[in-house]
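The values are calculated or read from the model by the stated rules, or taken from the named source; none is laboratory data. Every value quoted in this text rests on a predicted model; they were computed, and no experiment measured them. Ideal geometry is used to build each Cβ from the backbone, glycine not excepted, and the neighbour counts take in all protein chains shown.
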Amino acid sequence: MTPDTTSRRGAAAGEVRTVTSCPNPARLREKRAKKSAPPFRSGGNVPKQRHTRRPSAILSSPFVRSLRKRLAQLLRRERRLHVPEIRGDEFAARIAEIARNPRVRTILEVGSAAGEGSTEAFVAGIERNPSRPTLFCLEARRDRFEALAARYADRPFVRPYHASSVGRSGFASVEHVRSFYEITPTALNRYPLERVLGWLQEDLRTLAELDVEEDGIELIRREHGIDRFDVVLLDGSEFTAAAELDLVHGARYVLLDDINSFKNHLNCQRLLVDPAYSLRAGNATLRNGYAIFERAG
């Protein structure tokens, strides 16, 4: 490119400037930017240079780690407090109907949680029962138990127990759970086997950490001189229902929730072939299914 030698007049009259090089666009933009920039004011806010952080650095920052930890705690607490499932459905209606039976005097509910699900149905039936049976509620987790006890503090026929239904030996083994998972297709197969086994280990750790009475079913039976309960609902841990049925077998009514899961699938099969019991009601498509058995005679 040929140098620009065009003459230009300056500010003073008669002054002539000769440009002997090509204009630099970058330097021209820099000069314009300086002219348009606001003047620096002492004591004013000086714009800070912004630094962009890589996504990996942001995700590993102490704040994000702390936030993740808090969210995990909230999720665990939500799981502990338990969202009631047996509520406002046909199973709840049948529970209330059985609790109204004047021949019923003792009821055992395993897995009462905070008392907002099946407990409500039992209470609704008991309050219409002239025999006014006693409802024994088993709940191992302290936060749930405290909510349960507070909720029914004004109903003396509700007897909450802060206890585990069975001891550590009453939990299913890892081998048993693995074998069931691999052989029997149920709702449990919606989750990876590793997660299911993790739930088992978590329940065992929780039992070890809790300051809680074990063998709660036997405790209630001893304290109240009960040979056989009139009604039993098994809806506690996913991994203890088989041992629980061994302890309550002979009850007039046995109610099972989650028959399409490890919890009560085998218990349901066991009672279906038990000549001492007859299936009175059930629905395999309601949530994870339920079944109600009545002892003959």
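Observations, loosely collected:
- Those helices (runs of 4 or more DSSP H) of the stretch 191-285 in which at least 1 residues are of a type in the set (F, W, Y), touching a residue at least 24 places away in the same chain (Cβ under 8 Å) and surrounded by fewer than 21 Cβ atoms within 10 Å (Cβ to Cβ), considering only elements entirely within it, cover 193-209.
- Identity of the residue in the stretch 286-297, in a strand (DSSP E or B) and more than 28 Å from the chain's Cα centre (by Cα), that ends up farthest from A93 (Cα to Cα): R295
Here's the yes/no breakdown for (1) modelled with pLDDT of 95 or more; (2) among the polar types (S, T, N, Q); (3) touching a Ser or Thr at 6+ places or on another chain (Cβ under 7 Å):
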residue: F91; (1), (2), (3): yes, no, no
residue: R105; (1), (2), (3): yes, no, yes
residue: R128; (1), (2), (3): yes, no, no
residue: L138; (1), (2), (3): yes, no, yes
residue: R142; (1), (2), (3): no, no, no
residue: A149; (1), (2), (3): yes, no, no
residue: Y152; (1), (2), (3): yes, no, no
residue: P156; (1), (2), (3): yes, no, no
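- The stretch 102-120: number of residues that are farther than 15 Å from F293 by Cα and surrounded by fewer than 24 Cβ atoms within 10 Å (Cβ to Cβ): 7
- Taken over the stretch 100-134, the criterion of being touching a Gly at 6+ places or on another chain (Cβ under 8 Å) and within 20 Å of R221 (Cβ to Cβ) is satisfied by V110, G111.
- Top-ranked residue of the stretch 241-273 - restricted to ones that are out of contact with any strand residue (DSSP E or B) (no Cβ under 8 Å at 6 or more places or on another chain) and not hydrophobic (A, V, I, L, M, F, W, C), ranked as nearest to F171 (Cα to Cα): D246
- Residues (assigned to a strand (DSSP E or B) and more than 19 Å from S237 (Cα to Cα)) located in the stretch 84-124: T106
- Among the residues of the stretch 129-177, those identified as assigned to a helix (DSSP H, G or I), crowded, with 20+ Cβ neighbours inside 10 Å and either hydroxyl-bearing (S, T, Y) or in contact with a Pro (Cβ under 7 Å, 6 or more places away or on another chain) (or both) are F145, L148.
- In the stretch 147-186, the residues that are of a type in the set (V, I, T), within 18 Å of G198 (Cα to Cα) and without any contact (Cβ under 8 Å) to a residue 40 or more places away in the chain: V174
- Within the stretch 271-297, the set of residues being out of contact with any Asp or Glu (no Cβ under 6 Å at 6 or more places or on another chain) and aromatic (F, W, Y) comprises Y277, F293.
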